[in-house]
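One structure is given below, encoded as structure tokens.
The values are calculated or read from the model by the stated rules, or taken from the named source; none is laboratory data. Source: prediction; values computed, not measured. FYI the Cβ positions are ideal-geometry reconstructions off the backbone, even for glycines, and counts take in every protein chain you see. In case anyone asks, the SASA skips ligands and DNA or RNA and just uses the protein heavy atoms, side chains included. Shrake-Rupley method; radii C 1.70, N 1.55, O 1.52, S 1.80 Å.
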Amino acid sequence: MTATAKGYLLLCRPGFENECAAEADAFAQSAGIPGFARTEANSGIVHYVFHEVCDWQLAAEAAPFTRWVFPRQRSIWVERLKDLPPEDRATPLVAAIVALGQNVGRIIAETADTNDAKELGGFLKRFIPHIERALQAKHILRPKKDDLPSLHLLFKDSSQVDLGLSVAGDSSPWPMGIVRLRMPRNAPSRSTLKLAEAFEVLMTEEERKNSLRAGLHAVDLGASPGGWSFQFAERGLHVSAIDNGPLADSLLATGMVEHFQADGFTWRSNRKSVEWLVCDMVEQPTRIAQLVADWTASGRARRCIFNLKLPMKKRFEELKRCRQIIDARFKQHGDSYVLRVKHLYHDREEVTAYLARS
Ligand SMILES: C[S@@+](CC[C@H](N)C(=O)[O-])C[C@H]1O[C@@H](n2cnc3c(N)ncnc32)[C@H](O)[C@@H]1O
């Protein structure tokens with residue numbers, strides 16, 4: 001027996017529900033499992049409902065987590081329980097999980113990223129261990145089996161929960177897709193956390209190991225006051241920081257960063273090639289896409305992380321245009337590339353992308 005999928009369960013930054021819905025629709029249409037989105041503005045949740053149920057693994061394969069941009073978390077929606085009785089919420093929930101006929105390796109308890117939903121935190125801390133114990137006793141939850149799917153329990157309140165499944169390794173490893181990072185002491189700006197999150201979310205461990213090594217070189221376009229440069233300097237990389245604005249004295253004092261007061265669109269390194277280009281300039285997304293594609297496709301930078309500050313409307317379409325620009329630039333060279341784009345927890349109106357020649 002295999003669980004059937006009702007649709008996709010998506011969590012996002014409140015305000016980005018339409019973008020999630022548009023992505024879900026594109027995936028579902030191309031996989032031949034069309035449906036429609038059910039959501040409320042600023043709820044931080046989208047239920048994408050298939051017109052016809054299908055095998056949950058088929059729905060998962062049709063839309064691997066790494067290919068989504070706007071959802072911070074996505075699972076395959078398999079069940080909804082309403083009206084859990086306050087005197088015993090556990091019994092019906094455990095029964096519903098048993099009825100799925102699916103062993104799982106971990107349980108991920110989640111809520112929307114809204115103030116109301118966050119108040120459920122205390123309840124979940126007390127309640128979830130009961131569910132875990134009950135499922136372990138029934139050999140349905142097997143925490144030592146890393147290759148088993150994850151079970152997502154998405155609580156609307158303490159009486160309503162949606163059940164979702166994801167294939168092992170095919171969802172955000174952080175509950176609700178929220179990467180909590182501590183602000184480093186001495187970092188010149190909070191946006192340092194954005195690059196730290198991008199390293200975690202957009203790159204593999206192997207890529208991090210190979211590219212974030214002492215002695216390598218990075219170029220930081222739009223660097224002031226230096227939060228992104230700080231991430232490299234901390235790891236012993238040399239940075240050329242380009243910005244007419246000032247850099248924090250503490251950053252310059254590390255001796256790892258050279259400041260160039262210049263235009264990021266025309267500045268050129270005197271090195272033939274650098275390991276890293278990063279770009280946080282506030283500019284039209286299509287101009288940034290062209291610039292980073294030039295650096296990376298020509299081999300002047302081996303890899304790149306950049307922000308695209310999207311317009312308030314038609315964000316999904318603008319992103320499509322940026323992808324087309326990058327694709328066209330790499331096609332000129334006949335090279336293939338890796339492009340991963342995500343609306344990170346530390347992003348607001350922008351998305352962050354990782355681009356490298358492959
Ligand atoms: C969001 S801030 C960068 C913050 C920085 N990443 C940090 O972590 O501290 C954007 C910066 O881009 C710079 N900028 C905008 N257009 C630029 C250009 N054409 N050339 C160089 N810098 C530019 C601005 O001066 C501004 O300091």
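Any chance you could count how many residues in the range 284-308 are within 16 Å of the ligand (Cβ to nearest atom) and open to solvent by 50 Å² or more (accessible area, probe 1.4 Å)?
Within the range 284-308, residues that are within 16 Å of the ligand (Cβ to nearest atom) and open to solvent by 50 Å² or more (accessible area, probe 1.4 Å) number 3.
So for the range 338-355 (the condition being free of Cβ contacts under 8 Å to residues at least 24 places away in the same chain and either open to solvent by 10 Å² or more (accessible area, probe 1.4 Å) or outside the structural domain of Pro285 (by TED's automatic domain parsing) (or both)), does at least one residue qualify?
The answer is yes; a qualifying residue exists.
Could you tell me whether the range 166-178 includes any residue that is of a type outside the set (Asp, Glu), open to solvent by 50 Å² or more (accessible area, probe 1.4 Å) and over 21 Å from the mean Cα position of the chain (by Cα)?
Within the range 166-178, the first condition is being of a type outside the set (Asp, Glu), and the residues that meet it are 166-169, 171-178.
The next check asks that each one be open to solvent by 50 Å² or more (accessible area, probe 1.4 Å); those that pass are 167, 169, 173-175.
Now restrict to residues that are over 21 Å from the mean Cα position of the chain (by Cα): none.
No.
Any residue that is out of contact with any strand residue (DSSP E or B) (no Cβ under 6 Å at 6 or more places or on another chain) and closer than 17 Å to Phe16 by Cβ - is there at least one of those in the range 68-78?
From the range 68-78, those out of contact with any strand residue (DSSP E or B) (no Cβ under 6 Å at 6 or more places or on another chain) are 70; that's our starting set.
Among the residues that remain, those that are also closer than 17 Å to Phe16 by Cβ are: 70.
The answer is yes; a qualifying residue exists.
Taking the criterion of being out of contact with any strand residue (DSSP E or B) (no Cβ under 8 Å at 6 or more places or on another chain), of a type in the set (Val, Ile, Thr) and either open to solvent by 40 Å² or more (accessible area, probe 1.4 Å) or outside any loop (DSSP other than H, G, I, E, B) (or both), would at least one residue in the range 184-196 satisfy it?
Filtering the range 184-196 for residues out of contact with any strand residue (DSSP E or B) (no Cβ under 8 Å at 6 or more places or on another chain) gives 184-193, 196.
Subsequent filtering for residues that are of a type in the set (Val, Ile, Thr) retains 192.
Those still in the list that are either open to solvent by 40 Å² or more (accessible area, probe 1.4 Å) or outside any loop (DSSP other than H, G, I, E, B) (or both) too: 192.
Within the range 184-196, one or more residues are out of contact with any strand residue (DSSP E or B) (no Cβ under 8 Å at 6 or more places or on another chain), of a type in the set (Val, Ile, Thr) and either open to solvent by 40 Å² or more (accessible area, probe 1.4 Å) or outside any loop (DSSP other than H, G, I, E, B) (or both).
Looking at Ile325, is it open to solvent by 10 Å² or more (accessible area, probe 1.4 Å) and either in the same structural domain as Ala223 (by TED's automatic domain parsing) or within 15 Å of the ligand (Cβ to nearest atom) (or both)?
Details: open to solvent by 10 Å² or more (accessible area, probe 1.4 Å): yes; either in the same structural domain as Ala223 (by TED's automatic domain parsing) or within 15 Å of the ligand (Cβ to nearest atom) (or both): yes.
Taking the combined requirement at face value, the residue satisfies it.
Quick one: in the range 257-283, of everything that is assigned to a loop (DSSP other than H, G, I, E, B) and more than 15 Å from the ligand (Cβ to nearest atom), which residue is nearest to Leu212 (Cα to Cα)?
Ser273
Just to verify a result, which residue in the range 215-231, among those that are in contact with an Asp or Glu (Cβ under 6 Å, 6 or more places away or on another chain) and part of a loop (DSSP other than H, G, I, E, B), is surrounded by the fewest Cβ atoms within 10 Å (Cβ to Cβ)?
Here the answer is Leu216.
Please verify whether the range 137-148 includes one or more residues that are part of a loop (DSSP other than H, G, I, E, B), of a type in the set (Asp, Glu) and without any contact (Cβ under 8 Å) to a residue 60 or more places away in the chain.
Among the residues of the range 137-148, at least one is part of a loop (DSSP other than H, G, I, E, B), of a type in the set (Asp, Glu) and without any contact (Cβ under 8 Å) to a residue 60 or more places away in the chain, which makes the answer yes.
Could you please let me know if Leu319 is in a helix (DSSP H, G or I) and within 29 Å of Asp25 (Cα to Cα)?
Yes, satisfied.
Return only the number of the condition from (1) without any contact (Cβ under 8 Å) to a residue 12 or more places away in the chain; (2) surrounded by 14 or more Cβ atoms within 10 Å (Cβ to Cβ); (3) within 13 Å of the ligand (Cβ to nearest atom) that Asn210 does not satisfy.
(3)
Failed condition for Leu202, given (1) more than 27 Å from Val69 (Cα to Cα); (2) more than 11 Å from the ligand (Cβ to nearest atom); (3) in contact with a Phe, Trp or Tyr (Cβ under 7 Å, 6 or more places away or on another chain); (4) among the aliphatic types (A, V, I, L, M), with all others met?
(1)
Do you know which residues across the range 242-256 are without any contact (Cβ under 8 Å) to a residue 24 or more places away in the chain and either near the ligand (Cβ under 8 Å from one of its atoms) or under 26 Å from the mean Cα position of the chain (by Cα) (or both)?
Across the range 242-256, the qualifying residues are Asp243, Asn244, Gly245.
What are the residue pairs meeting all of these: first residue in the range 258-279, first residue farther than 22 Å from Ala248 by Cβ, second residue open to solvent by less than 40 Å² (accessible area, probe 1.4 Å) and assigned to a loop (DSSP other than H, G, I, E, B), Cβ atoms under 6 Å, and 6 or more apart or on different chains?
Ser273/Gly299; Glu275/Leu216
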